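As C-alpha cells, the structure follows; a few thoughts come after it.
The values are calculated or read from the model by the stated rules, or taken from the named source; none is laboratory data. These numbers come from a predicted model, not from an experiment. Using ideal geometry, Cβ is built from the backbone for each residue, glycine included, and neighbour counts are taken over all protein chains shown.
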Amino acid sequence: MRYIVLFLLFASNFAAAQAKWYKVFKSKDGTITHYVKYEKTVKNDMHVWLKTTEADKEVKGQDGKTTYEKQGYVVQYMVFHCGSMTADKLEFTLYDGEGKIETEGNDKIYNEKIIRGSAGAVLYNFVCDINQ
C-alpha cells in the first residue's frame, strides 16, 4: 500500500511539472512575453505549446484616471526540430482579453527556418537545450 501511495505522489508531481508554463523571455519594451509548456519529446523533436501574451494596455479616461485593459494572447502547438534549426507550426488559438476564443486555426507550416538572433531562435535554444 505504501508503494502505491508513493507512486501516486510521484505520478501527480510529474504530471504537474509537465503542465507548467515556463517563461522564456520578455521583449525589450516589456510588452510581449513568451512561455513554453512541454508536451512530449520524439527522438530529436520537441513538441511544445507556445503562449505569447501582450501586456495590459494603459487607457486614460476623460476624467484623467488611468485604467488597464487586458489584452489577448495566442497559444500555438509547435514542434522544434533540434539540430536542424527548423520548426513546425501546427495549430493556434487566439484568445481575447477575457480568455474567450476569438480564432482557431490549423494552417500548418512545416520546416520553417529559425533565423539566428530572432525571437524564434531564443525559443528554439530554450526548448532544444532541455533536449540535450
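General remarks:
- Scope segment 85-121; condition surrounded by 14 or more Cβ atoms within 10 Å (Cβ to Cβ) and free of Cβ contacts under 8 Å to residues at least 24 places away in the same chain; matching residues: 89, 90, 91, 92, 93, 94, 95
- Of all residues in segment 28-41, those that are in contact (Cβ under 8 Å) with a residue 24 or more places away in the chain and part of a loop (DSSP other than H, G, I, E, B) total 2.
- Options 68, 124: the member that is closer than 21 Å to residue 40 by Cα and either buried (at least 16 other Cβ atoms within 10 Å of the Cβ) or in contact with a strand residue (DSSP E or B) (Cβ under 9 Å, 6 or more places away or on another chain) (or both): 124
- Failed criterion for residue 78 (all others in (1) among the aliphatic types (A, V, I, L, M); (2) in contact (Cβ under 8 Å) with a residue 24 or more places away in the chain; (3) farther than 26 Å from residue 125 by Cβ hold): (3)
- Qualifying residue in segment 3-18 (condition: at pLDDT 90 or above and surrounded by fewer than 15 Cβ atoms within 10 Å (Cβ to Cβ)): no
- Among residues of segment 42-57, those that are outside any strand (DSSP E or B) and in contact with a helix residue (DSSP H, G or I) (Cβ under 9 Å, 6 or more places away or on another chain), counted: 1
- Residue match in segment 61-72 (condition: among the charged types (D, E, K, R) and within 19 Å of residue 29 (Cβ to Cβ)): yes
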